[in-house]
Amino acid sequence: MCAKQKGIIKLHGKIGNLAFYSKDGVDYVKEISRLSKQRIKTSPAFKRNRENMMEFGGCSMAGKAFRLGLGEIIKDMGGKYISARLTGQLKKVIEHGNGIRGERSLEFLANGNNIEGFDFNSDTAFGGVFTAPYDISANAGRNEVTITIPVFKTNNFITSPKSASHFRIINAITVLSDYTYNPALKGYRPVNPEINSKNNISYSDYTPLGGSTLANMSIVSSIPGSPVIPATVGVIACLGIEFYQKINGGFYLLAAKNAMRLEKVF
């Protein structure tokens, strides 16, 4: 449990069983736990904590693979604390996995629906920026995803920054292997490490704001090499939008209202 520090003088460090620290420009004080690591590791009273910690580790590994697969776009789209938020979302996947508590599997093809709808930036929801009808589908081999958007009026379905003149739709996909608990290693490992984090990111053309789009959009994103996707692997399809300002024939990416959502797990 922590509390905010008030007053002119702010403390940093430890005094007795209290720790004083800063986070995001705010000063806090909290009581230092007297629990030893050994007690947490061995005491029956902390069995549930150990189970949660083990599964949290598996979710963290899968989250890191996801961020690696979309590293090119996460820097622009990922909001504050995306790493922690994604790990928390992946907990919903592992809670439905096979196995006993503490060793349940992350199974994306079976339980990936539990992460669908995840916004990369909690402050800029994709659904608050882009509301035009669209379709998203994968081919039979699950190594290619197509986003199709019929003609629409941009003023009716896009909430853009005032300075934006154009936008682009993004079709970003990455591959996530299932993760299972390995008793010998006492931790989680990917079932298909050779394909884990493979990815591709495709963009629509620069499209003007302020009128109707001129034709149906079709943005196709394919995993390089068209690999065989086994049943122990999920293909994560994300849909995003970026805004630009056109100046002297060049397009400059704006910082405001760019948004992306984890749309579907195939």
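The values are calculated or read from the model by the stated rules, or taken from the named source; none is laboratory data. The shown structure was predicted, so the numbers you read here are calculated from the model rather than taken from an experiment. Heads up, the Cβs are rebuilt from the backbone with ideal geometry, glycines too, and the neighbour counts pull from every protein chain shown. Surface accessibility is based on the protein's heavy atoms, side chains included, excluding ligands, DNA and RNA. Shrake-Rupley method; radii C 1.70, N 1.55, O 1.52, S 1.80 Å.
Worth a mention:
- Of LYS91, LYS64, LYS162, the one that fluctuates the most in a GNM where the chain has Cα springs shorter than 10 Å: LYS162
- Normalised by 2.2 N^0.38 Å, where N counts its residues, the alpha-carbon radius of gyration of region 60-162 equals 1.28.
- Separation of the ALA125 and SER137 label points, Cα + 7 Å toward Cβ, nm: 2.9 nm
- For ASP178, distant residues with modelled amide H under 5 Å away: PHE108, VAL191, ASN192, VAL233, GLY234
- Modelled this way, with points 7 Å down the Cα-to-C-beta line, the labels at GLU116 and ASN248 are 4.7 nm from one another.
- √(5λ) per eigenvalue of the Cα gyration tensor, the chain, largest first, Å: 39, 28, 13
- Gain in span if fully extended, ALA215 to THR159, counting 0.36 nm per residue against the direct Cα distance: 18.2 nm
- Among the trypsin sites (Lys or Arg not before Pro) in region 173-266, those placed in a DSSP loop whose Cβ has at most 10 other Cβ atoms within 10 Å are LYS186.
- For region 154-229, a crude dipole built from +1 on the beta carbon of Lys and Arg and -1 on the beta carbon of Asp and Glu, taken about the Cα centre, is about 200 debye to the nearest 20.
- Taking GLY13, GLY187, GLY128 in turn, the Gaussian network model of the chain (Cα-Cα springs below 10 Å) assigns the largest fluctuation to GLY13.
- Choice from ILE115, ILE94, ILE247 showing the highest fluctuation, given a GNM over the chain with Cα pairs closer than 10 Å: ILE247
- Here GLU103 sits with roughly 70 square angstrom of accessible surface, probe radius 1.4 Å.
- On full extension, the segment bounded by ASN192 and SER226 gains 10.7 nm, given 0.36 nm per residue less the C-alpha separation.
- Cα-based helix-to-principal-axis angle, 82-94 vs the chain, degrees rounded to 10: 80 degrees
- Working note: 222 nm ellipticity from helices only, DSSP H runs with n ≥ 4, each -39,500 (n - 2.57), summed and divided by the residues of the chain, gives -6000 deg cm²/dmol to the nearest 500.
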